[in-house]
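A short worksheet on the structure shown next.
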Amino acid sequence: MRDRSQRPDGLAVSLWRRLTPAMRDPGEDGYFDERIAATFDDDYADQADPAVVGPMVALLARYAGDGRALELGSGTGRIALALAAHGIPVHGIELSRTMPARLKAKPGGESVGVTIGDFATTKAPGQFRVAYLVANTIMNLTTQAAQVACFRNAAAQLEPGGCFVVEVLVPGLRRLPPGERFQVFDASEVHWGIDEYDVADQGLISHHFRLVDGRLDQTSVPFRYVWPAELDLMAEMAGMKLIERWAGWQREPFTDESGLHVSVWQTLQSD
């Protein structure tokens, strides 16, 4: 998960203004095309650490029980493969075709099925005990209507009493000074990350600048940030109710200072 605790500074904003081109239009693979997929696992290697993945798998396995798990936005398989190795049957839905190709090439990849399509509307075969979205992926849906559709799509694929688990940041607007749009979330020798907020439209663009083979590589991806209470309403519209909310995968208490949340909604039991 990206650290958004740092304040924006003049160097970061200057870098953004000098180097950020116009937002490119996504192709049929969305923003996660071959260019992104080729280095994705290396760029986010820290998020594949067992210390990070282990608690996620443990909590998801608890909700899956002896049932099946559905990952929306399964990517290169960081969580799907670990959950499958835990003995849980896992299926993914992924818009990009290049990301699942990486998943399939990894050990255990043949055990994870992937349906290509928009996870807001695409159905996978069968029903599931748990569906989940991790690492802010709900924000990849850049309209409220698409996020609502995602909740309805997840609920439609869950067994009665099944659970939908979402990990997403709490919007960091409290840390934005008046009139400021930019917020640095990472600053290292090889990577600068700057979030650009559009408060009027509840939009967010994450700008990444990475030093690759001695040159600066830039990527910008749009998101729609979303509040916990708004997600609760989306769940209610989809026939689910909130049963748990934590500040992390180790079930840390969620408070007004929490920077992210792991929330669990449950479908209604059949009579």
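The values are calculated or read from the model by the stated rules, or taken from the named source; none is laboratory data. Just so you know, these numbers come straight off a predicted model, no measurement behind them. Virtual Cβ from ideal backbone geometry, glycine too; neighbours counted across all protein chains shown.
Considering only the stretch 88-105, I want to know if a residue exists there that is modelled with pLDDT under 95, charged (D, E, K, R) and either under 27 Å from LEU231 (Cα atoms) or touching a strand residue (DSSP E or B) at 6+ places or on another chain (Cβ under 7 Å) (or both).
Among the residues of the stretch 88-105, at least one is modelled with pLDDT under 95, charged (D, E, K, R) and either under 27 Å from LEU231 (Cα atoms) or touching a strand residue (DSSP E or B) at 6+ places or on another chain (Cβ under 7 Å) (or both), which makes the answer yes.
Filter the stretch 30-56 down to the residues that are charged (D, E, K, R) and surrounded by fewer than 15 Cβ atoms within 10 Å (Cβ to Cβ), then identify the one that is nearest to ARG251 (Cα to Cα).
Residue satisfying both the conditions and the ranking: ASP49.
Would you be able to say whether some residue in the stretch 155-166 is assigned to a loop (DSSP other than H, G, I, E, B), in contact (Cβ under 8 Å) with a residue 24 or more places away in the chain, within 27 Å of ALA84 (Cα to Cα) and in contact with a Cys (Cβ under 8 Å, 6 or more places away or on another chain)?
Looking through the stretch 155-166, none of the residues is assigned to a loop (DSSP other than H, G, I, E, B), in contact (Cβ under 8 Å) with a residue 24 or more places away in the chain, within 27 Å of ALA84 (Cα to Cα) and in contact with a Cys (Cβ under 8 Å, 6 or more places away or on another chain).
Looking at (1) surrounded by 12 or more Cβ atoms within 10 Å (Cβ to Cβ); (2) over 30 Å from ALA187 (Cα atoms); (3) touching a residue at least 12 places away in the same chain (Cβ under 8 Å), can you tell me which one GLU236 breaks?
(3)
Here are some residues: ARG224, ARG181, ARG245. Which one is more than 17 Å from the chain's Cα centre (by Cα) and of a type in the set (D, E, K, R)?
ARG181
Listed here are the residues, each with its yes/no results for (1) modelled with pLDDT of 95 or more; (2) of a type outside the set (Asp, Glu).
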| site | (1), (2) |
| --- | --- |
| PRO26 | no, yes |
| ASP33 | no, no |
| ALA38 | no, yes |
| TYR44 | no, yes |
| GLN47 | no, yes |
| PRO55 | yes, yes |
| ASP66 | yes, no |
| ALA69 | yes, yes |
| SER74 | yes, yes |
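Would you list the strands (runs of 3 or more DSSP E) that sit entirely within the stretch 214-271 and hold 1 or more residues that are at pLDDT below 95 and in contact with a helix residue (DSSP H, G or I) (Cβ under 9 Å, 6 or more places away or on another chain)? Outline the logic, then answer.
Details: elements: 215-224, 240-246, 260-267.
In the stretch 214-271, 215-224 are the strands (runs of 3 or more DSSP E) which contain 1 or more residues that are at pLDDT below 95 and in contact with a helix residue (DSSP H, G or I) (Cβ under 9 Å, 6 or more places away or on another chain).
For ALA149, are the conditions met, namely being in a helix (DSSP H, G or I), free of Cβ contacts under 8 Å to residues at least 60 places away in the same chain and in the same structural domain as LEU60 (by TED's automatic domain parsing)?
yes
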